[in-house]
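To start, the structure itself, in structure tokens.
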Amino acid sequence: RGNSGLPLSILNPDLMNEFDKVLNYDLIILHYGANVLGYKSKNFSWYGNNMTAAVNNLKACFPNADILVLSTADRAIKLNGYMQTDPAVIPLAKAQKEYAKNTNSGFISLYDLMGGNGSMIQWVKDRQAGKDYTHFNNTGSKKIAYMIYDEIEKGYEKYKEN
């Protein structure tokens, strides 16, 4: 909680390789980024570069595991007296998609899955997210879990076709 994901770049590959021998990791899902939205920036190239290093370190730590990057979800803030999608959400999601691509990782856009621009406002109205307009509640978490599962299944079916 409150983690940007950047500390993953300092995991010790030799130690993690030993864990991997016992636990046989095959999939690592990364869902970081919301905690950097509050930096009042729309340029996340620094974050993408640092997360590229973190993912590459994870690949050294767990060489047999695939990595799936989940983008930030929509988040709403009050702008000009109205709740609106935080203007930093889309640039962050783009940076996340880019570092996923640069590291040959899978990518799912939670922002798009939710419904895109303004979707968090609707999720709050539908009682699937908290009044902080950032976090899913239990109902919303279950819905998102099923949506992610469906996306993974679609990807797997596409993989089998090829």
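Things to note:
- Qualifying positions in the stretch 48-61 - buried (at least 18 other Cβ atoms within 10 Å of the Cβ) and of a type in the set (A, V, I, L, M, F, W, C): 51, 54, 55, 58, 61
- With respect to the conditions (1) under 11 Å from the mean Cα position of the chain (by Cα); (2) over 22 Å from residue 143 (Cα atoms); (3) open to solvent by 50 Å² or more (accessible area, probe 1.4 Å), residue 4 lacks only one, and its number is (3).
- Residues that are part of a helix (DSSP H, G or I), open to solvent by less than 50 Å² (accessible area, probe 1.4 Å) and over 13 Å from residue 72 (Cβ atoms), drawn from the stretch 100-142: 121, 123, 124, 140
- Counted residues, the stretch 30-47 - those being touching a helix residue (DSSP H, G or I) at 6+ places or on another chain (Cβ under 8 Å) and crowded, with 19+ Cβ neighbours inside 10 Å: 7
- Residue count for the stretch 84-102 satisfying the condition of being over 20 Å from residue 144 (Cβ atoms) and in contact with a helix residue (DSSP H, G or I) (Cβ under 6 Å, 6 or more places away or on another chain): 5.
- Within the stretch 73-89, if we keep just the residues that are open to solvent by 20 Å² or more (accessible area, probe 1.4 Å) and touching a residue at least 24 places away in the same chain (Cβ under 8 Å), the residue that is farthest from the chain's Cα centre (by Cα) turns out to be 83.
The values are calculated or read from the model by the stated rules, or taken from the named source; none is laboratory data. Not measured: the values here are computed from a predicted model. When we count neighbours, we look across all protein chains shown, and the Cβ atoms used for this are built from the backbone with ideal geometry, even at glycine. Just so you know, the surface numbers come from the protein's heavy atoms only, side chains and all, with ligands and any DNA or RNA stripped out. Shrake-Rupley method; radii C 1.70, N 1.55, O 1.52, S 1.80 Å.
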